[in-house]
1. Return a yes/no flag: does the range 303-310 have any residue that is closer than 22 Å to Val174 by Cα and open to solvent by less than 20 Å² (accessible area, probe 1.4 Å).
2. Given the criterion open to solvent by less than 20 Å² (accessible area, probe 1.4 Å), within 12 Å of the ligand (Cβ to nearest atom) and at pLDDT 95 or above, identify the matching residue among Pro362, Pro380.
3. Give me the pairs, please: first residue somewhere in the range 32-60 and at positive phi, second residue anywhere and in a helix (DSSP H, G or I), beta-carbon distance under 7 Å, and either six or more positions apart or on two chains.
4. Residue check: is Leu339 buried (at least 19 other Cβ atoms within 10 Å of the Cβ), in contact (Cβ under 8 Å) with a residue 40 or more places away in the chain, among the hydrophobic types (A, V, I, L, M, F, W, C) and within 11 Å of the ligand (Cβ to nearest atom)?
5. So, of the residues in the range 27-66 that are of a type in the set (S, T, N, Q) and touching a helix residue (DSSP H, G or I) at 6+ places or on another chain (Cβ under 7 Å), which turns out to be least open to solvent (accessible area, probe 1.4 Å)?
6. Take the residues of the range 250-280 that are out of contact with any helix residue (DSSP H, G or I) (no Cβ under 9 Å at 6 or more places or on another chain) and open to solvent by 10 Å² or more (accessible area, probe 1.4 Å): which is nearest to Cys395 (Cα to Cα)?
7. Report every pair of residues separated by at least 6 positions or lying on different chains whose Cβ atoms are under 7 Å apart, first residue within the range 5-21 and farther than 15 Å from Arg237 by Cα, second hydroxyl-bearing (Ser, Thr, Tyr) and open to solvent by less than 40 Å² (accessible area, probe 1.4 Å).
8. Within the range 349-362, is even one residue within 30 Å of Phe76 (Cβ to Cβ), in a helix (DSSP H, G or I) and charged (D, E, K, R)?
Amino acid sequence: MKDRSQISLLGLDRAELTLLVDSLGEPSYRAKQLAEAVYRQRVESIEKISTLSQQLRRQLAAKGISLGLPRIENRFVSQDGTVRYLIAFSDGQSVETVWMPEGDGGEAGDGSEAGELAERFAESSLNTSGAQGLSENEPGAALKRCATQKHKQLQGQNQGRSTICISSQVGCAVDCQFCLTALLGMKRNLTAGEIVGQVCAVLKEQKASPPEDRINLVFMGMGEPFLNYENFVKAARLLVEEVGIAERRMTVSTAGIVPRIHDFGGETIRPKLAISLNASNDALRTRLMPLNKKWNLEMLMAAARAYPLRTREWITFEYVLLGGVNDGPENAKEVAELLRGMRCKVNLIALNPGPGIEFTTPDSQRVATFQETLREAGIPAFVRRPRGRDIYAACGQLKRTVEIATAPAP
Ligand code: SAH
């Protein structure tokens, strides 16, 4: 194990970089040069920061300061183009980060056509009064626009429209019964630098550069971002201010850490909010997500209703459909009841299976009926297309690459 006491430039904001260069007796414009090198050029090491004098590079190294870009240890490529990266940090711990090229959605940013449709939906038809007023034929019009967009992409325009799914913790403590990450248990929190570092490493590898390339970001990988709140918030700020990813293109998903939902509403920089609902009543939710004992549906819904939405913003509720467990029309009706009157939409995810997971994936007819029942009740509902299931890169499948027998990418 390497020493973790080393300071990384990655993770420092402009004020901290300024303090650092001041302490070395350097002019403060050096902070800008460091930020450019770390977050925009994404150089691998301090020696490679060519804007700095050799002497300053040596001084930084002598202080035990390193760049801190995490290492891509392994990559798995799916038939659908999704890439699952195993990314290792200086202490040897690793997480998984997923790159989903094209066909992504701006709002949901989840790498799905559902997200794409939802985005068109938002841009074309949402007014500040919310999604509840959408008429029947609007999804059709939005769909048409999606098809046009798709066509443009195929013509080679609008390149670089991709989604990165990042992790916030090594493992997870929440213990959702349908999620592979839960089987790992909780190892440790990631630092802000390690969260941002995943993005920098993947952008570098993919030769993508925001804002020129349209990058969506979802905090939906391993871990519960709201149980690593400070680091997550700092990472989000660095991603907006330094890496250049638009705030509206980021979504954070929480299992429902109610006090942090309240806190999050007060942040100046905040990605969009997604809440993993996954069950339509308390008994079911407690069985599937034990954290429901602590923060039940009443508390969760109260936090969601109190959440201060911005113009053209809504809350996304994710709902993993488990065959014969939570996927019946009666469950859909209960969900519609819970969400009645809220400015929200529902993303339905048919279970992505995995070893050690007891549940089954519902057939597509059941998924369609669930969606239809929600829509009939006036709730916009979308089915999320699984990405990278063949390489265990889809939602809830992120575990440890080494523990899963899949063939490495060629
Ligand atoms: N801890 C956060 C973010 C990570 S999970 C959260 O719970 O929201 C991201 C999404 O994947 C969540 O909506 C979660 O419910 C869903 N998910 C987990 N396991 C899944 C599985 N096996 N199949 C499909 N979706 C799953």
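The values are calculated or read from the model by the stated rules, or taken from the named source; none is laboratory data. These numbers come from a predicted model, not from an experiment. Cβ atoms come from the backbone with ideal geometry, glycine included; neighbour counts cover every protein chain shown. Quick note on the areas: whole protein, heavy atoms, side chains included, nothing else; ligands and nucleic acids left out. Shrake-Rupley method; radii C 1.70, N 1.55, O 1.52, S 1.80 Å.
1. Yes - at least one qualifying residue is present in the range 303-310.
2. Pro362
3. Pairs that qualify, where the first residue is at positive phi and the partner is in a helix (DSSP H, G or I), are Arg42/Cys200; Arg42/Leu203; Arg42/Lys204.
4. The answer is no for Leu339.
5. Ser66
6. The qualifying residue nearest to Cys395 (Cα to Cα) is Ser276.
7. Every condition considered, the pairs that remain are Gln6/Ser66; Ser8/Ser66.
8. Checked against the condition, which is being within 30 Å of Phe76 (Cβ to Cβ), in a helix (DSSP H, G or I) and charged (D, E, K, R), the range 349-362 yields no hits at all.
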